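The values are calculated or read from the model by the stated rules, or taken from the named source; none is laboratory data. Since the structure is predicted, the reported quantities are computational estimates derived from the model, not experimental observations. Every residue, glycine as well, gets a Cβ built from its backbone with ideal geometry; the counts of neighbours run over all protein chains shown.
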Amino acid sequence: MWRLPLALLLVGSAVFVCAQTKQPSAEQIARRVDDHYNHLRSLRADFTEQYTGMGMERDESGTLLLARPGRMKWVYREPSGKYFLLDGRYAYFYAPGNEQVQRMRASQLDDLRSPLRFLLGHTKIASELTSLSVTDSGAKYTLTGVPRGAAKRIASVALTVTENGTITAMLIREQDGSVTRFTLGGEEDDPALAPDTFRFVPPAGVPVSDALPPA
């Protein structure tokens, strides 16, 4: 009399284990990212940026600030004084030692950091990345795809994502073999940012020059 219940218990346990270990699809993980960021109005996070390519290696770090609509600021601690600011209309680039600040219209921007400006309120990962796939690395997932319309320059973008959809890293492989990795941590959702956070103020004595749009 005990064999049937035991058999049913074993079958039920197998089904339960299978259900528990089934990996979410790429689209499901992408929706978690969308859901996490689309309700936010501002964000602050620490970042590290590691670049390898063209015979060079570069390690940088600082703080990333985002705010709707489409505003972004990268404040670098290392190297001190470097920044990248997007005020919604224009992007400004400066590093200590440069003779001028480079300015470009946001609509012409072709920078590896620029897609993150759309993270708040506009996120739709499944539409932004083609050939989307996912791998499970334990407590996190890796979403990999190619930015739509950027295949000539970008070979792939890999987003490391937590269970709740928080992006903790972004790995970008370019067609020329260059690799850039952004690691994000200490995320603060909806911080109160000063009204002039995204207002451009040029360094004293440094002129502003309009940069050429990407070819």
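Once segment 130-143 is narrowed to residues that are modelled with pLDDT of 85 or more and over 17 Å from Arg181 (Cα atoms), the residue that is surrounded by the fewest Cβ atoms within 10 Å (Cβ to Cβ) is Ser131. Taking the numbered list (1) modelled with pLDDT of 95 or more; (2) not in a strand (DSSP E or B) in turn, Ala7 passes all entries but (1). Summed over segment 87-99, the residues that are in contact (Cβ under 8 Å) with a residue 40 or more places away in the chain and surrounded by 15 or more Cβ atoms within 10 Å (Cβ to Cβ) give a count of 5.
Select from segment 68-86 the residues that are over 18 Å from the mean Cα position of the chain (by Cα) and closer than 15 Å to Val201 by Cα and write down the one among them that is surrounded by the fewest Cβ atoms within 10 Å (Cβ to Cβ). Filtering first and then ranking leaves Gly81. Condition check for Arg199 on (1) over 21 Å from Gly53 (Cα atoms); (2) outside any loop (DSSP other than H, G, I, E, B): one failure, at (2). Which pairs turn up if I take residues in segment 133-162 that are part of a loop (DSSP other than H, G, I, E, B) and look for partners that are of a type outside the set (Ser, Thr, Tyr) with beta carbon separation below 8 Å, at least 6 apart in sequence or on another chain? Taking only residues 6 or more apart or on different chains, the pairs are Ala139/Glu163; Arg148/Glu128; Arg148/Leu129; Lys152/Gln175; Arg153/Asp110; Arg153/Glu174; Arg153/Gln175. Scanning segment 86-108 for residues that are part of a loop (DSSP other than H, G, I, E, B) and of a type in the set (A, V, I, L, M) turns up just one, Ala95.
A single member of Asp196, Asp176 is closer than 18 Å to Arg41 by Cα and not aromatic (Phe, Trp, Tyr), and it is Asp196. In segment 109-125, is there at least one residue being farther than 21 Å from Arg44 by Cβ, outside any helix (DSSP H, G or I), free of Cβ contacts under 8 Å to residues at least 24 places away in the same chain and not hydroxyl-bearing (Ser, Thr, Tyr)? Yes, segment 109-125 contains a residue that is farther than 21 Å from Arg44 by Cβ, outside any helix (DSSP H, G or I), free of Cβ contacts under 8 Å to residues at least 24 places away in the same chain and not hydroxyl-bearing (Ser, Thr, Tyr).
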